[in-house]
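S.K.: Take a look at this one; I'll ask things after.
The values are calculated or read from the model by the stated rules, or taken from the named source; none is laboratory data. Predicted, not measured: the structure shown is a model, and the values here were computed from it. Cβ sites come from the backbone with ideal geometry, for glycine too, and all protein chains shown count toward neighbours. Heads up: the accessible areas ignore ligands, DNA and RNA and are worked out on the full protein's heavy atoms, side chains in. Shrake-Rupley method; radii C 1.70, N 1.55, O 1.52, S 1.80 Å.
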Amino acid sequence: MIKIKDLFTYYGESMIIENLALDIPKGEIVSLIGRNGVGKSTTLKSIMGLVKTPQGSIIFNNNEIINTPTYNRVKKGIGYVPQGRDIFPQMTVEENLELGLQPIGGKGKIPEYLFELFPILPKFAKRKGGDLSGGQQQQLAIARALVAEPQILILDEPTEGIQPSIIEDIGVAIKKVNEWKGTTILLVEQYLDFVLKNSTIINVMERGEIVFHGKTKEVDGKHIQKLMTH
Amino acid sequence: MFINTLFNGMSLTSIILLASLGLSITFGLMRVINMAHGEFLMIGAYTTYVVQMVFSKLVPEQFQSWYYIASIPTAFVVAFLFGSLLEKVVISRLYGREIDSLLATFGISLILQQLARSIFGTQGVNVKAPDFLFGGITIGNLTFSYNRLFIIFSVVMCIVIMWYIMYRSGFGKQMRAVMQNRNMAQCMGINSRRVDNLTFAIGSGIAGIAGCSISLLGSVDSTVGQSYIVYAFMVVVLGGVGNLKGSVIGACIIGFASIFAENYTSATIAKAIVLFIVILFLQKRPQGLFVVRTRELD
C-alpha cells in the first residue's frame with residue numbers, strides 16, 4: 001500500500017531521517033516503535049507531507065506522492081491522527097466529525113459504525129472538542145480520521161497520556177476497523193505491550209533507520225524491548 | 001441629549017465595526033497585519049462614486065437613486081478581487097513573517113493611495129446620498145437621519161451574513177478549521193492556501209462595503225480609509241483576534257466611549273481617553289475580550 005524508499009527528511013539543517021526504507025502492506029496493522037527522537041513521528045509527517053522531504057520516494061497505491069500537497073494525499077485515502085490529537089477545540093464533537101467528510105467533498109453521512117466503536121461521541125455531540133478529556137479527544141480524533149473511510153489510517157502515539165481502560169478500547173477499535181473495513185493501519189507507539197497486542201507487523205526504528213522488521217506473532221518481546229532500550 | 005449621544009455612539013460603532021469586521025478575520029485567521037486594510041475601504045468608497053457616475057450617464061433619472069443599492073455588491077466584488085490578487089501576489093509569500101508583511105502592506109497602502117490620486121485627483125469626490133436616504137425620523141425634538149440608520153442596518157446585515165458564512169456554511173467550517181489548526185486542517189483534506197486566499201478576499205470585500213457606507217458621510221479621497229484603520233485595529237485587538245462576538249463588543253466599547261467622551265470633552269481628548277482605556281484593558285487582558293480556551297491534556 002505504501003512503499004518508502006531512500007527517504008531523507010530534514011528539520012532546518014538537521015537530518016532526522018536518513019535513507020529510510022519502509023513497506024506497509026495492504027490490510028496489515030504495521031507498527032513503528034523506538035525511543036524518543038528516533039524519527040518515528042517525522043516518518044509519519046513525511047508520509048503526510050507536513051515536513052520537507054528533499055530526497056526519496058513515497059509510493060501510495062503505485063503512485064508517487066512525494067510532491068503531492070497534504071490535502072491531496074488525504075483525498076487519495078490517507079487518514080491521519082497526529083500526536084496530541086489536534087482536534088479542533090472550538091468546534092463541537094459533531095462539527096469535528098463533519099470535518100472528516102472534507103476529503104470526500106464535505107458531503108455524505110458519518111458512518112454509523114463509528115458511533116458503535118466510540119459510543120461516547122453521539123453522547124457528547126454538542127460539546128466543544130476542547131472540553132473533552134484526553135481519552136475522549138483521542139477517540140474523536142480517530143473517528144474523525146475514519147469518517148471518509150480512508151484506505152490507510154496513520155496513528156501517532158494514540159495511547160500517549162490516556163488512561164488504561166480507554167487504551168484498551170482504542171486497541172479494540174483499531175482491530176475492528178482493520179477487520180470490518182479492511183483499513184490498513186500504520187501505528188507509531190512507544191508502549192510495547194499495546195503494539196504486541198494489536199499490530200501484525202512490527203518495525204523498530206533507531207536514528208532515522210529501521211533496525212528490525214518482523215511479524216509480531218513471530219517476534220520475541222524481550223528482544224524488541226532490548227532493541228528499544230539499546 | 002442622552003438619546004442623541006446614544007444614537008451617535010451607535011452610528012460610530014457601526015462604522016468602526018464595518019471597518020474592523022474584515023480585519024478581524026484576516027488578522028485573526030491569518031495573523032497578517034494588513035496596513036492596507038484602510039485602502040480597501042477607500043476602494044469601496046471610490047467604487048460607490050464610480051457606480052454613481054455610471055448610473056448618472058446610463059440610467060434613466062427616476063432610477064438613479066438605485067445606484068447606491070447597486071454599489072454595495074459592486075464595492076464588495078471590486079475589493080474582493082483586489083484582496084484576492086494582493087493575497088496571491090504578496091501576502092502569500094510572507095506568511096509567518098509578521099514584520100515583513102506589515103512593511104509590505106504599508107508599502108501597498110501607499111501605492112494604492114497614489115493610484116487613487118492618479119485616477120481621481122487629489123481633491124476629494126462627493127457621493128450624493130440617494131433620495132431615499134434624505135431626511136430622517138423625528139421623534140420629539142430628536143432626528144435620526146436615514147443614512148445613519150441605513151449604515152446601522154448594513155452593519156447588522158453584514159454581521160448576519162458573516163455569522164452565516166463562519167458558523168453555518170461549509171466554507172466557514174473550513175475557515176475555522178484553518179484558523180484553529182492549519183496543519184490539521186490540511187490533514188482533513190482542506191486546501192488551506194485556497195481558504196487563505198478566499199478569507200483574505202472576503203475580509204477585503206467587507207472592507208469594500210464599509211467604504212460604500214462611509215462614502216455617505218463625507219467626501220471621498222485617497223486617505224479616507226486611514227481615519228478608520230486605527231479604530232479598526234483597536235477593535236480587533238480589544239475583542240480578541242478572529243472572534244466575531246469580540247469584534248462587536250470591542251466596537252461598541254470604542255464607539256460609545258468615543259462619543260460620550262467627545263460629548264463632555266473635545267474630539268482630541270476623547271481619542272486620548274479611548275486609547276487610554278484600550279491600553280489599560282490590554283495591560284490586564286492582553287489576549288483581548290474573547291480567547292480560544294481548551295481543556296489541558298489529561
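S.K.: Taking a temperature of 37 °C and a viscosity of 0.692 mPa s, what whole-number D in µm²/s does Stokes-Einstein yield for the protein assembly as shown with Rh from Kirkwood over alpha carbon pairs?
M.R.: Reported coefficient: 127 µm²/s.
S.K.: Hey, rough spin-label estimate for B:ASP100 and B:VAL59, points 7 angstrom out along Cα→Cβ, what's it come to in nanometres?
M.R.: Each label point lies 7 Å from its Cα, and together they span 4.5 nm.
S.K.: Rank by packing, highest mean first: peptides A:3-11, B:252-260, with packing defined as the count of other Cβ atoms within 10 Å averaged across residues. Don't skip to the answer; put the middle values down first.
M.R.: Working: A:3-11: 17.0, B:252-260: 20.4.
Going by the mean number of other Cβ atoms within 10 Å, highest first, we get B:252-260, A:3-11.
S.K.: Quick one: what Rg and Dmax do you get for chain B from the alpha carbons, in Å?
M.R.: 19.4, 69
S.K.: So for the range A:141-196, Kirkwood radius off the Cα pairs, Stokes-Einstein at 4 °C and 1.567 mPa s: how many µm² s⁻¹?
M.R.: The calculation lands on 111 µm²/s.
S.K.: On to the next question. Using alpha carbons only, how many degrees (0 to 90, rounded to 10) separate the axis of helix A:164-181 from the longest principal axis of chain A?
M.R.: Compared with the principal axis, the helix lies near 90 degrees.
S.K.: Here is a further query. First compute the accessible area of chain B with a 1.4 Å probe, then give the percent of it belonging to carbon and sulfur atoms.
M.R.: Values: 9120 of 13810 Å².
After summing per-atom areas, the C and S share lands at 66 percent.
S.K.: Please report, in whole Å³, the volume per residue of the convex hull around the C-alpha atoms of the range A:65-116. Don't skip to the answer; put the middle values down first.
M.R.: Values: hull volume 5.6 nm³, N = 52.
Expressed per residue, the convex hull around the Cα atoms of the range A:65-116 is 109 Å³.
S.K.: Arrange the residues A:LYS45, A:LYS52, A:LYS181, B:LYS271 by how much accessible surface each exposes, largest first, with a 1.4 angstrom probe.
M.R.: A:LYS52, B:LYS271, A:LYS181, A:LYS45
S.K.: What is the magnitude of the charge dipole of the protein assembly as shown about its Cα centre, with +1 placed on the Cβ of each Lys and Arg, -1 on the Cβ of each Asp and Glu, and no other charges, expressed in debye to the nearest 20?
M.R.: Working: 47 positive and 37 negative charges, 64 e Å.
The calculation lands at about 300 debye.
S.K.: Oh, and also: About the Cα centre of chain B, what is the dipole size in debye to 20, counting +1 per Lys and Arg Cβ and -1 per Asp and Glu Cβ, all else neutral?
M.R.: Charge dipole, chain B, about its Cα centre: 660 debye, nearest 20.
S.K.: Would you please put A:34-42, B:208-216 in order of how densely packed they are, using the mean number of other Cβ atoms within 10 angstrom per residue and starting with the highest?
M.R.: Going from most to least packed, we get B:208-216, A:34-42.
S.K.: Relative to the compact globular guide of 2.2 N^0.38 Å, what is the alpha carbon radius of gyration of the range B:9-158, as a ratio?
M.R.: Cα-based Rg divided by the globular estimate yields 1.20.
S.K.: Report, in order of residue number, the helices in chain B meeting two criteria: a C-alpha extent of 15 Å or more along the helix axis, and a mean Kyte-Doolittle hydropathy of at least 1.6; treat each whole DSSP H run as one helix.
M.R.: B:226-239, B:267-284
S.K.: Residue farthest toward the positive end of the dipole of chain B, with Cβ of Lys/Arg at +1 and Asp/Glu at -1: which of B:GLY208, B:VAL89, B:PRO60?
M.R.: Sorting the options by dipole projection puts first B:VAL89.
S.K.: Across chain B, how many lysine pairs, 8 or more apart or on two chains, come within less than 26 Å at their alpha-carbon atoms?
M.R.: Final tally of qualifying lysine pairs is 6.
S.K.: Per the Cauchy relation, a quarter of the hull surface: what is the mean projected area of the convex hull of the alpha carbons in the range B:28-84, in nm²?
M.R.: Its Cα hull, projected and averaged over all orientations, spans 4.3 nm².
S.K.: A further question on this structure: Could you rank B:TRP66, B:TRP163 by how accessible they are, 1.4 Å probe, largest area first?
M.R.: B:TRP66, B:TRP163
S.K.: Using 0.36 nm per residue, how much length does the chain from A:LYS5 to A:GLN55 gain when fully extended, once their Cα-Cα distance is taken away? The partial results should precede the final answer.
M.R.: Details: separation 50, 0.36 × 50 = 18.00 nm, distance 0.94 nm.
Result: 17.1 nm gained on full extension.
S.K.: A follow-up question, please. Between B:ALA70 and A:LYS215, what is the FRET efficiency for a Förster distance of 60 Å, r being their Cβ-Cβ separation, to the nearest 0.05?
M.R.: Approximately 0.25, to the nearest 0.05.
S.K.: Still on this structure, I have one more. Tell me the total accessible area that B and A bury against each other, 1.4 angstrom probe, in square angstrom rounded to 100.
M.R.: Buried: approximately 2300 Å² between A and B.
S.K.: Follow-up question, since we're still on this one. Taking only protein heavy atoms into account and a 1.4 Å probe, give the accessible area per residue of the range A:68-166 in Å².
M.R.: Spelled out: the 1.4 Å probe surface of the range A:68-166, per residue, equals 36 Å².
S.K.: What is the average number of partner chain Cβ atoms found within 10 Å of a Cβ in A:145-151? Present the calculation step by step, with values, prior to reporting the outcome.
M.R.: On the way: counts 2, 0, 1, 2, 0, 1, 0.
Averaged over the peptide's residues, the number is 1.
S.K.: Take every residue in peptide B:177-186, count the Cβ atoms of other chains within 10 Å of its Cβ, and give the average of those counts.
M.R.: Per residue, the number of nearby Cβ atoms from other chains is 6 on average.
S.K.: Same structure again: Roughly how many debye, to the nearest 20, is the charge dipole of the range B:1-131 about its Cα centre, given +1 on each Lys and Arg Cβ, -1 on each Asp and Glu Cβ, and no other charges?
M.R.: On the way: 7 positive and 6 negative charges, 41 e Å.
Using Cβ point charges on Lys, Arg, Asp and Glu, the range B:1-131 gives about 200 debye.
S.K.: Of A:THR184, B:ALA261, A:SER165, which is farthest towards the positive pole of the protein assembly as shown's charge dipole, taken about the Cα centre with +1 and -1 on the beta-carbons of Lys, Arg and Asp, Glu respectively?
M.R.: Result: B:ALA261, furthest along the dipole toward the positive end.
S.K.: Just to compare against my own numbers: the Cα pair-distance distribution for the range A:101-214, 5 Å bins, whole % per bin, please.
M.R.: Histogramming the range A:101-214 at 5 Å steps yields 2, 10, 21, 22, 19, 13, 7, 4, 1, 0 percent.
S.K.: Ok, one more. If r is the Cβ-Cβ distance from A:SER14 to B:ILE139 and R0 is 56 Å, what FRET efficiency results, to the nearest 0.05? All intermediate terms of the calculation are to be shown ahead of the outcome.
M.R.: Numbers: r = 71 Å, r/R0 = 1.27.
Computed FRET efficiency for A:SER14 and B:ILE139 comes out at 0.20.
S.K.: Here's something else I'd like to know. Can you give me the % of accessible surface on the range A:57-103 that is carbon or sulfur? Probe 1.4 Å, all protein chains present, nothing else counted.
M.R.: Percent of accessible area from carbon and sulfur atoms in the range A:57-103: 36.
S.K.: Over all directions, how big on average is the projection of the convex hull of the alpha-carbon atoms in the range B:160-277, in square nanometres?
M.R.: 8.8 nm²
S.K.: Kindly work out what percent of the DSSP beta bridges joining two residues of the protein assembly as shown are antiparallel, to the nearest 5.
M.R.: 60 percent
S.K.: If you take each beta carbon of peptide A:85-93 and count the beta carbons of other chains within 10 angstrom, what is the mean?
M.R.: Shielding by partners across A:85-93 averages 5.
S.K.: Also, quick follow-up: Among residues other than A:ASN19 whose Cβ falls under 15 Å from its Cβ, what is the net charge (Lys/Arg +1, Asp/Glu -1)?
M.R.: -2
S.K.: Additional query: Take the Cα of A:ARG207, step 7 Å along the line toward its Cβ, and report every residue of the range A:38-55 whose backbone nitrogen sits under 19 Å from that point.
M.R.: So the set is A:38-43.
S.K.: How do A:GLU112, B:GLU98 rank by accessible surface area computed with a 1.4 Å probe, from largest to smallest?
M.R.: Correct descending sequence by accessible area is A:GLU112, B:GLU98.
S.K.: Regarding chain A, what's the average projected area of the Cα-atom convex hull, expressed in nm²?
M.R.: One quarter of the hull surface, i.e. the mean projection, equals 12.0 nm².
S.K.: Let me ask something else. Using R₀ = 41 Å, calculate the FRET efficiency as 1/(1 + (r/R₀)^6) where r is the Cβ-Cβ separation of B:ILE119 and B:LYS271; round to 0.05.
M.R.: Once rounded, the FRET efficiency stands at 0.85.
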